[in-house]
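Participant: Pasting a structure below so you can have a look.
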Amino acid sequence: MRTRIELEEARALMAESVRPLGVEQVSRQEALGRTLAEDVTAPLDQPPFDRSPLDGYALRSADLTGASPEHPVSLRVVETVYAGGVPSRALGPGEAIRIMTGAMLPRGCDCVLQHERTDNGLEQVQIYAALSPHDNYCDRGEDYRTGEVLLPAGTVVDAAAVGVLASAGLSSVPVRRRPVVRVLSTGDEVVSPDLHPLPAGKIYGSNQELLTARLRELGVTDVEGLLIGDDPREVADTMAQLLGECDLLITTGGVSAGDKDIFHEALPLLGAERVFWKVNLKPGTPAMYSLWQGQPILSLSGNPFAAAATFELLARPLLAALTGESRFSLRSRTAVVEGSFPKASPGRRFLRGFYQEGRVSLTGKNDSGMLASLVGCNCLVDLPAGSPPVQEGQTVTVLLL
Ligand code: AMP
Ligand code: MG
């Protein structure tokens with residue numbers, strides 16, 4: 001087991017330890033919000049035929065030389081083609097075909113004149129304007145051509161992408177399988193937030209609620225949170241059960257070095273291999289990562305801010321590696337500090353903050369046991385090891401949540 005490692009090394013160890021989740025085929029509408037596992041290429045040209053962009057007459061530009069309201073050109077109307085119909089014949093010299101928006105153009109025509117610039121004739125039509133070849137002419141494949149990559153692998157399917165799939169006649173697409181995540185919060189002092197009144201010496205558990213809600217915010221739909229006490233055997237048994245139904249098990253609590261820091265016992269009981277313990281960052285230093293039959297278990301400190309921050313710093317990159325989905329990756333920005341933070345940071349430290357337009361305001365309360373001040377935060381400020389107290393106006397790096 002590696003210990004006291006840097007965050008980047010922890011991420012690398014996690015990424016190389018997991019097998020990416022597979023691919024599943026889902027319907028167009030089910031694909032909304034999902035990540036494409038493969039390039040989607042066009043199986044046809046769009047539009048599939050040359051078509052008219054307006055209501056008017058399909059014409060030969062060579063017939064129209066000099067046409068104007070004063071000197072109209074008179075042509076014989078040989079057919080009317082409606083949208084959805086197919087012309088029965090090619091357009092010959094001296095002929096016009098009435099055509100509606102979206103209708104297939106006849107062979108032989110090279111331009112379309114809007115009906116407002118004609119007398120709307122049904123058998124003979126007076127043409128009031130000359131056109132150049134290709135005027136008002138929509139080519140087959142002008143939107144996209146057969147074989148063109150419409151949506152590259154990795155695209156998160158949005159409404160426009162669903163529309164494109166429909167336009168190409170594609171009923172289903174391969175997407176990355178969604179991760180199933182379970183969150184197990186430990187602690188004899190931790191009780192369900194629905195237990196009333198609160199017994200003496202107990203606290204309401206918030207980690208399992210916050211983390212499952214956060215996972216849902218990130219688009220993970222199959223998530224469940226559970227509470228359990230500090231009995232290593234029971235914890236190991238429950239973990240075995242949960243691992244049977246999930247791709248990633250996140251635990252909170254019990255990873256420090258106290259008497260009741262039970263994961264040092266529970267993980268060997270389970271038969272899990274510990275990959276690392278303790279990451280050089282605050283809050284949440286004692287984070288631990290293990291594998292059980294190749295399945296990842298990420299164990300975070302129970303302190304609410306530590307659990308929340310290390311979820312972002314460790315669980316998200318792990319989810320990105322598992323799923324190949326960019327939504328789990330963290331984006332960083334530089335920002336100018338509003339407010340200050342009084343303590344020096346001998347080790348790397350993350351503070352909660354609110355980032356907006358290049359500025360980050362710090363909340364007063366940063367203790368890892370404090371949760372309420374996390375409300376409204378949208379970033380973590382990344383203070384490198386050896387940082388002095390943070391001052392107003394200083395430039396820092398922030399990770400957007
Ligand atoms: P631990 O990591 O188990 O040493 O717990 C650290 C601190 O976090 C203790 O004060 C615990 O009471 C608290 N804690 C543990 N689990 C939770 C939880 N699910 N919700 C809120 N606080 C918790
Ligand atoms: Mg505990």
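The values are calculated or read from the model by the stated rules, or taken from the named source; none is laboratory data. Predicted model only: the values in this text are computed from it and were never measured. Please note: Cβ atoms are built from the backbone with ideal geometry, for glycine as well, and neighbour counts cover all protein chains shown. We work out accessible area using only protein heavy atoms, side chains counted, and drop any ligands, DNA or RNA first. Shrake-Rupley method; radii C 1.70, N 1.55, O 1.52, S 1.80 Å.
Participant: Using a basic spin-label model with each label point 7 Å from the Cα along Cα→Cβ, how many nm lie between residue 167 and residue 203?
Facilitator: According to this spin-label approximation, the distance is 5.4 nm.
Participant: Heavy atoms only, probe 1.4 angstrom, no DNA, RNA or ligands counted: give me 71, 115 ranked by accessible area, highest first.
Facilitator: Sorted by accessible area, descending: 71, 115.
Participant: OK, next. Using only Cα atoms and rounding to the nearest 10 degrees, what angle (0 to 90) does helix 232-243 make with the longest principal axis of the chain?
Facilitator: Once rounded, the angle reads 10 degrees.
Participant: Charges only on Cβ, +1 for Lys and Arg, -1 for Asp and Glu: so what's the dipole of segment 56-127 about the Cα centre, in debye to the nearest 20?
Facilitator: Approximately 240 debye in magnitude.
Participant: Can you list the residues, at least 5 places off or on another chain, whose amide H is less than 5 Å from the amide H of residue 23, using H built in the peptide plane?
Facilitator: 177
Participant: Pairs 260/365; 202/260; 260/343; 202/278: which exceed 23 Å Cα-Cα?
Facilitator: Over 23 Å Cα-Cα: 260/365; 260/343; 202/278.
Participant: Let's see if you can work this out: charge +1 on each Lys and Arg Cβ, -1 on each Asp and Glu Cβ, no other charges. What is the dipole magnitude of segment 1-97 about its Cα centre, in debye to the nearest 20?
Facilitator: Details: 10 positive and 15 negative charges, 39 e Å.
Result for segment 1-97 is approximately 180 debye, rounded to the nearest 20.
Participant: Which residue, chosen from 294, 318, 379, occupies the Cα position most advanced towards the positive end of the dipole of segment 252-379, where the dipole is computed from +1 (Lys, Arg) and -1 (Asp, Glu) charges on Cβ about the Cα centre?
Facilitator: In segment 252-379, that residue is 379.
Participant: Something else now. Probe radius 1.4 Å, ligands and nucleic acids ignored: give me the carbon and sulfur share of the accessible area of the chain as a rounded percent.
Facilitator: In the chain, the share of accessible area belonging to carbon and sulfur is 50 percent.
Participant: So what is the accessible area of segment 56-127 per residue, in Å², with the probe set to 1.4 Å?
Facilitator: 48 Å²
Participant: Please list, in chain and number order, the residues 5+ apart from residue 96 or on another chain whose amide H is under 5 Å from its amide H, with Hs placed from the backbone.
Facilitator: 76, 77, 78
Participant: Got a number for the accessible area of residue 135? Probe 1.4 Å, square angstrom, nearest 10.
Facilitator: Only protein atoms counted, so the area is about 50 Å².
Participant: Under a Cβ-only charge scheme (Lys and Arg +1, Asp and Glu -1), can you give me the dipole magnitude of the chain about the Cα centre, in debye to the nearest 20?
Facilitator: Details: 37 positive and 49 negative charges, 194 e Å.
So the magnitude is around 940 debye.
Participant: Oh, and also: Heavy atoms only, probe 1.4 angstrom, no DNA, RNA or ligands counted: give me 227, 75 ranked by accessible area, highest first.
Facilitator: Values: 227 60, 75 5 Å².
Largest to smallest exposure gives the sequence 227, 75.
Participant: Out of all DSSP beta bridges with both ends in the chain, state the antiparallel percent to the nearest 5.
Facilitator: Antiparallel: roughly 65 percent of the beta bridges in the chain.
Participant: Just check segment 331-400 against the gyration tensor rule for me: Cα atoms, a ≥ b ≥ c as the square roots of the eigenvalues, rounded for a/c under 1.5, and otherwise prolate or oblate depending on whether a/b exceeds b/c. Mind showing how you got there, number by number?
Facilitator: Values: a/c = 1.42, a/b = 1.03, b/c = 1.38.
It comes out rounded by the Cα gyration axes.
Participant: State log₁₀ I(q)/I(0) for the chain at q = 0.06, 0.10 Å⁻¹ as given by the Debye formula over alpha-carbon point scatterers of equal weight, solvent excluded.
Facilitator: -0.43, -0.74
Participant: Give the long-range amide H neighbours of residue 204: residues separated by 5 or more places, or on another chain, with amide H under 5 Å away, using H modelled in the peptide plane at 1.01 Å from N.
Facilitator: Correct list: 191.
Participant: Can I ask one more? What full-extension length gain, to one decimal in nm, is calculated for residue 2 and residue 120 as 0.36 nm per residue of separation minus the Cα-Cα distance?
Facilitator: 34.2 nm
Participant: When the chain is modelled as a GNM with alpha-carbon springs shorter than 10 Å, which of 156, 86, 181 fluctuates the most?
Facilitator: So, out of 156, 86, 181, the one fluctuating most is 86.
Participant: Using a 1.4 Å probe and counting only protein heavy atoms, arrange 238, 3 so the residue with the most accessible area comes first.
Facilitator: From most exposed to least exposed: 3, 238.
Participant: Any chance you could check the Cα centroid distance between segment 248-299 and segment 95-122 for me, in angstrom?
Facilitator: After rounding, the separation between the Cα centres reads 73 Å.
Participant: Right, something else. Under 10 Å, Cα contacts only: if you run a Gaussian network model on the chain, which one of 163, 253, 108 comes out with the highest mean-square fluctuation?
Facilitator: 108
Participant: Follow-up. Which whole-angstrom value gives the distance between the alpha carbon centres of segment 1-55 and segment 154-223?
Facilitator: Taking the Cα centre of segment 154-223 as reference, the centre of segment 1-55 is 19 Å away.
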